[in-house]
Amino acid sequence: MIHLNIGSNLNSNFGSRFDNISICINLLISSKVKLIKISNFYETPSYPNNNFSKYINVGVLSIYEGNYQKLLRIIKLIEKRLGRIKTKKNDPRTIDIDIIDFNGLVKKTNDLVFPHPRSHLRNFVLYPILEIDPKWSHPILNKNAQFLINKLSQKSRIEITRLQKNVNIQI
């Protein structure tokens, strides 16, 4: 199984942060990424600059028949199509798609690292995973999402809000 995390903290020409994520999900589907489960939306403060708009994130459990290089190309094309402009690290963005776990692969290349190197430290990654795949285990740490959430700081555990809103999928 493949875990993706999709986030947005800027509106785009396509609409709101919620719209950006819903369009992204629909573009993934049309790119032959089979979605198994999608979490609710989660909202968190922007890091490290809390003055930026809050982030909206979802976790996606999926299957993709191609290799990770092909999936990464699809992701980059979708980000570009939705208006993502590479600026400084942690600057606001219309869309951000991270591969958190690619079938349990442990790998480091110039382009990416599997599993995502900071996934175990991010509330906006762990809470959606706990919701959609509670039996998931971090490929290196061999710990589940609940264990990793319990290791987060109290601040990190309380500054995330699960919204009662879901992705709008067009099938």
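Please treat every number below as a calculation from the coordinates, not as lab data. Bear in mind the structure is a predicted one, so any value in this text is a computation, not a measurement. Here the Cβ is made from the backbone with ideal geometry for all residues, glycine too, and neighbour counts use every protein chain on show.
Name the GluC sites (Glu not before Pro) in the stretch 43-111 that are in a loop by DSSP and that have at most 15 other C-beta atoms within 10 Å, would you? Please report the intermediate quantities before stating the final value.
Numbers: sites: E43, E65, E79; in loops: E65.
Sites meeting the loop and neighbour criteria: E65.
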Using r as the Cβ-Cβ distance of F147 and D111, and R0 as 22 Å, what FRET efficiency do you calculate, to the nearest 0.05?
0.15
Label-to-label distance, nm, for residues given as S16 and K80 (7 Å Cα→Cβ offset)
3.0 nm
Mean residue ellipticity (222 nm) of the chain, computed from DSSP H runs ≥ 4 via -39,500 (n - 2.57), nearest 500:
-8500 deg cm²/dmol
Where Lys and Arg each count +1 and Asp and Glu each count -1, what net charge lies around I2 among other residues with Cβ under 14 Å from its Cβ?
+1
Taking the chain as a Gaussian network, where each spring joins two C-alpha atoms under 10 Å apart, which residue of N67, N11, N144 fluctuates the most?
N67
Provide the descending list of Cα extents for the chain along its principal axes, expressed in whole angstroms.
39, 39, 33
Ordered by number, the trypsin sites (Lys or Arg not before Pro) in the stretch 78-107 that occupy a DSSP loop and have at most 14 other Cβ atoms within 10 Å are K86, K88, K89
Filter the cross-link list K70/K143; K54/K86; K37/K70; K34/K76 down to pairs whose alpha-carbon distance in this structure exceeds 23 Å.
K70/K143
Scan around N103 for amide H atoms under 5 Å from its own, H built in the peptide plane at 1.01 Å from N, and keep only partners 5 or more places away or cross-chain.
I2, H3
Please check: in the Gaussian network model of the chain (C-alpha springs, under 10 Å), which one of L71, L105, L82 has the largest mean-square fluctuation.
L105
Among P115, P139, P128, whose mean-square fluctuation peaks in a Gaussian network model of the chain (Cα, cutoff 10 Å)?
P139
